[in-house]
Amino acid sequence: LVNNAGFGQPGAVEDLDREVLRQQFEVNVFGLQQLTRAFLPGMIARGCGRIVMVSSVLGNLSLPFLGAYCSSKFALEALSDSLRIELSDTGIAVSIVQPGPIITAFRHHTMDKVDSNATLQESRFSAFYTREMERRRTRIKTPGFINKPPEAVGNKIVHALESSRPWRRYYVTPPAYAGALIRRLFPSGLVDLLLRKRVRRTLEKGRE
């Protein structure tokens, strides 16, 4: 079972109403858990199986203006870790894949969520949302050291499904590896300092 459903809801935490946050979790967390429960009885009866959860580098490093998406991926990581331990005596392996920047339409769909959310247009960050939408929609990414094609994720998933010893976590792109190292090695105060500077720059540009 490969759980790959998900979308990104942008917006500052103060701009997200309950229904928007609920929709983020319905797709990224609740739906995956429900589908996994449906398959588990058959897997347990057979005494074997593989479950792959496609998470994100933002499943262990939260960024400003992506709180809804990050929190859903944090939740998915926690559920997956618990599930892996609970199934340790059943022959079923649970793996997490953290892709990072992959060349798909994911970012374009994320920006569509800004268009459909009137609250974001009235926010004190509205200038940032508009500018970010334009930047992401006009920027063309090509495969390279940072950005990888979908096949890079596919290769990790195949390993998780077919290897005799699947890994607990798979990192696909350099930012995914970097995110894991930052969370593990950097003190929280330093991470906060770097991200606060980003928010300040955002507000300053909005006043220009």
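The values are calculated or read from the model by the stated rules, or taken from the named source; none is laboratory data. As the structure is a prediction and not an experimental result, all values here were calculated from the model. Cβ: placed from backbone, ideal geometry, glycine included. Neighbour counts: every protein chain shown. Note: areas computed on protein heavy atoms with side chains; ligands, DNA, RNA excluded. Shrake-Rupley method; radii C 1.70, N 1.55, O 1.52, S 1.80 Å.
Note on segment 14-40: residues that are open to solvent by 80 Å² or more (accessible area, probe 1.4 Å) and either more than 24 Å from Pro99 (Cβ to Cβ) or more than 18 Å from the chain's Cα centre (by Cα) (or both) total 7.
Among the residues that make up segment 43-59, is at least one of them closer than 14 Å to Gly100 by Cα, of a type in the set (S, T, N, Q), crowded, with 19+ Cβ neighbours inside 10 Å and touching a residue at least 12 places away in the same chain (Cβ under 8 Å)? Yes.
Among residues of segment 67-89 being farther than 16 Å from Arg168 by Cα and among the hydroxyl-bearing types (Ser, Thr, Tyr), the one that is surrounded by the fewest Cβ atoms within 10 Å (Cβ to Cβ) is Ser71.
Given the conditions (1) over 15 Å from Gly6 (Cβ atoms); (2) out of contact with any Ser or Thr (no Cβ under 7 Å at 6 or more places or on another chain), and given that Gly47 satisfies all but one, which numbered condition is not satisfied? If we test Gly47 against (1) over 15 Å from Gly6 (Cβ atoms); (2) out of contact with any Ser or Thr (no Cβ under 7 Å at 6 or more places or on another chain), just (2) comes out false.
Within segment 101-118, can one find any residue that is of a type in the set (Ser, Thr, Tyr), surrounded by 14 or more Cβ atoms within 10 Å (Cβ to Cβ) and within 30 Å of Leu193 (Cα to Cα)? Yes: segment 101-118 contains one or more residues that are of a type in the set (Ser, Thr, Tyr), surrounded by 14 or more Cβ atoms within 10 Å (Cβ to Cβ) and within 30 Å of Leu193 (Cα to Cα). Taking the criterion of being in a loop (DSSP other than H, G, I, E, B), hydrophobic (A, V, I, L, M, F, W, C) and either touching a Pro at 6+ places or on another chain (Cβ under 8 Å) or at pLDDT 80 or above (or both), the residues of segment 118-168 that qualify are Phe125, Phe145, Ile146, Trp167. Take the conditions within 16 Å of Gln9 (Cβ to Cβ), of a type in the set (Gly, Ala, Ser) and open to solvent by less than 70 Å² (accessible area, probe 1.4 Å) and apply them to Ser163. Does it pass? No.
Within segment 87-100, the set of residues being out of contact with any Lys or Arg (no Cβ under 6 Å at 6 or more places or on another chain), under 18 Å from Asn3 (Cα atoms) and of a type outside the set (Gly, Ala, Ser) comprises Leu87, Ile92, Gln98, Pro99. Taking the criterion of being charged (D, E, K, R) and without any contact (Cβ under 8 Å) to a residue 12 or more places away in the chain, would at least one residue in segment 116-127 satisfy it? For segment 116-127, residues charged (D, E, K, R) and without any contact (Cβ under 8 Å) to a residue 12 or more places away in the chain: present.
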